[in-house]
1. Suppose we keep only residues that are over 22 Å from the mean Cα position of the chain (by Cα) and among the hydrophobic types (A, V, I, L, M, F, W, C) within region 252-278. Which one would you say is surrounded by the most Cβ atoms within 10 Å (Cβ to Cβ)?
2. Quick one: is Pro230 touching a helix residue (DSSP H, G or I) at 6+ places or on another chain (Cβ under 9 Å) and either within 18 Å of Arg387 (Cβ to Cβ) or surrounded by fewer than 22 Cβ atoms within 10 Å (Cβ to Cβ) (or both)?
3. Identify, by number, the condition in (1) open to solvent by 50 Å² or more (accessible area, probe 1.4 Å); (2) more than 16 Å from the ligand (Cβ to nearest atom); (3) not charged (D, E, K, R) that Ala503 doesn't meet.
4. With the structure loaded, tell me whether Ser381 is among the small types (Gly, Ala, Ser) and either outside any helix (DSSP H, G or I) or under 22 Å from Trp232 (Cβ atoms) (or both) or whether it fails that test.
5. Can you find a residue that is in contact (Cβ under 8 Å) with a residue 12 or more places away in the chain and open to solvent by less than 10 Å² (accessible area, probe 1.4 Å) anywhere in region 164-185?
6. Working carefully through the options Ala53, Ala57, find the one that is touching a Pro at 6+ places or on another chain (Cβ under 6 Å) and outside any strand (DSSP E or B).
7. Identify, from the list Asp346, Asp354, the residue that is more than 15 Å from the ligand (Cβ to nearest atom), charged (D, E, K, R), assigned to a loop (DSSP other than H, G, I, E, B) and farther than 19 Å from Trp232 by Cα.
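The values are calculated or read from the model by the stated rules, or taken from the named source; none is laboratory data. All values reported here derive from a predicted model rather than from experimental measurement. FYI the Cβ positions are ideal-geometry reconstructions off the backbone, even for glycines, and counts take in every protein chain you see. Just the protein is used for accessible areas: all its heavy atoms, side chains included, with ligands, DNA and RNA removed. Shrake-Rupley method; radii C 1.70, N 1.55, O 1.52, S 1.80 Å.
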Amino acid sequence: MNVREASFDLFRKHGMTTIFGNPGSTELPMLAEFPEDFRYVLGLQEAVVVGMADGFAQASGRATHVNLHTAPGVGNAMGAIFNAQANKSPLLVTAGQQVRAQVTMNANLTNRDATRVVHPFVKWSYEPARAEDVPLALGHGIHVASTAPRGPAFVSLPMDDWNVGVDEAEVGLAIERSVSSRAGADPASVEALAKRIAGAKNPVLVVGPDVDASGGWDDAVALAERQKLPVWASPAPGGGRIGFPENHPLFQGVLPPAIGPVAATLEGRDLIVVVGSSVFPYYPYIPGPLLPEGARLVAITSDPDEAARAPMGDAIVADVALTLRALLEELGGGDANRAEPTPLPDPTAGEEMDPISPTMANHTLAGVLPEDAIVVLEAPSATLSVRNQLRISKPGSYFFGAGGGLGFGLSAAIGVQLAQPDRPVVCILGEGSAQYAITGFWTAAAYNVPVTFLVLRNEEYAILKWFAGLEEVQGAPGLDLPAVNTSEVAKGYGVPAERVSGADELEASLKKSFDSDGPSLVEVPVQPGMALF
Ligand SMILES: Cc1ncc(C[n+]2csc(CCOP(=O)(O)OP(=O)(O)O)c2C)c(N)n1
């Protein structure tokens, strides 16, 4: 047995038979005699390769292998690796390396300091000391990436390692290992939190992305319903996933992403229970009290760093779903005697305009969205409007780049669709955002990945104009995007595309797109500016 055979057996054992990559000369030896039960998904640029793998890992819930081309490939991928750590996406990122005999002399394409390059954005980074150690190192990377908090791990692989022989018995022990890491909470902490909830007058629940990622969706609903807790989604920038049905009568909206406004929104609450979110993914600095007067906060997170760095409140570090279940048990069967909050009003389409507003575009999408659709979103100025109009209400149905690096949306949608071939995927993009992963259209076409891309064309970086107002910046250049013709570009990569105008044409085109069994794109001109509803 050689390193290649052992490594592919390891990938098989972990169900990692889809590899996302962009190859170079240093990766070819790994790909030699590529096994038939594996699938290689080619991306034409590394940011897209990692973004696709990120979507695939999140939507499949399992570690996913991305193979990059030595230093320049890893360099191109860095923004997407940053996104993957923010998304807590379990990625095994590997990159080829010069042959061992030429690393010390720094021959061409040597990935100098390979383990340091990715350092701030990965949980673990390694180059095995001997060729024979490659399978063990890959296993190490898979286990690190898959344990909480999940995130990317990196292994640098010298290109002459693959044909080296390994001790079959020894490597077999490494391959068959499993690591179970869903840790339940300390019972005393659960008991104390249950008492605080039961004794609170006006408690509220804030749900974040790890509710969905941990499989705790139904438990969060049960907790909110039994305790009659009004529910807020954690602020949108860090909310890569939705953790609670947004059409539920207890759902109160998405928290604003800034210190003062969060406290103002939660005014009058005496207990804020945060599940599966950092406290909090703030973005603009709008100072104010961290908590409303008289309020206490408790966070449940599987991420010790999230717990440690929070500026206020207590935290329980444990698996989110298991802790919610333990909490439900501790609180017992009866429903709490609290008044139910007023549900959100139904979304409305707003005024007729030409071009239509982003609100109208999202409203139109909501009308034709298939029941079991998955939404991948990267249309910055329309984020809140999408949330409000779509009111996504099923688990595993929303993916958003928590890191904020553009290029996630288009590429992740392809990975999500590959992981969930039986569910329709719609990817809502700003035309600016689409350009950061534009070559992803080729992969969607080449592998016939049936994503519906909806491009909201407002001919500007609308969100940056809004930020300019907030930051009191006048006269900044580079905020307009006239004449970026995304539908024509998509056609160039092989994705059938239409440019439509108005709600009726949009509706017809979206329906056609959802019925098609390949990728397609609908580009619709929309009004400039932020869309909040
Ligand atoms: C990799 C990367 N580069 C730059 C930015 C800064 N940025 C944030 S939003 C934005 C504009 C996005 O434009 P578009 O997708 O058209 O959406 P709109 O703001 O118009 O809704 C930019 C450039 C970023 N977030 N990520």
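1. At the first step, the residues of region 252-278 found to be over 22 Å from the mean Cα position of the chain (by Cα) are 252, 259-273.
Now restrict to residues that are among the hydrophobic types (A, V, I, L, M, F, W, C): 259, 262-264, 266, 271-273.
Details: Ile259: 19, Val262: 25, Ala263: 20, Ala264: 14, Leu266: 20, Leu271: 20, Ile272: 24, Val273: 27.
Step by step, filter region 252-278, then rank; the result is Val273.
2. Numbers: touching a helix residue (DSSP H, G or I) at 6+ places or on another chain (Cβ under 9 Å): yes; either within 18 Å of Arg387 (Cβ to Cβ) or surrounded by fewer than 22 Cβ atoms within 10 Å (Cβ to Cβ) (or both): yes.
Criteria met by Pro230.
3. The failed condition is (1).
4. Numbers: among the small types (Gly, Ala, Ser): yes; either outside any helix (DSSP H, G or I) or under 22 Å from Trp232 (Cβ atoms) (or both): yes.
Taking the combined requirement at face value, the residue satisfies it.
5. From region 164-185, those in contact (Cβ under 8 Å) with a residue 12 or more places away in the chain are 164-168, 171, 174-177, 179, 181-185; that's our starting set.
From the residues that got through so far, the ones that are open to solvent by less than 10 Å² (accessible area, probe 1.4 Å) too are none.
The answer is no; no qualifying residue exists.
6. Numbers: Ala53 fails: touching a Pro at 6+ places or on another chain (Cβ under 6 Å).
Step by step, each of Ala53, Ala57 is checked, and only Ala57 is touching a Pro at 6+ places or on another chain (Cβ under 6 Å) and outside any strand (DSSP E or B).
7. Answer to the check: Asp354.
Results for (1) within 16 Å of the ligand (Cβ to nearest atom); (2) among the charged types (D, E, K, R); (3) open to solvent by 20 Å² or more (accessible area, probe 1.4 Å); (4) over 27 Å from the mean Cα position of the chain (by Cα), shown as yes or no for each residue.
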{"residue": "Gly350", "(1), (2), (3), (4)": "no, no, yes, yes"}
{"residue": "Met360", "(1), (2), (3), (4)": "yes, no, no, no"}
{"residue": "Thr364", "(1), (2), (3), (4)": "no, no, no, no"}
{"residue": "Gly367", "(1), (2), (3), (4)": "no, no, yes, no"}
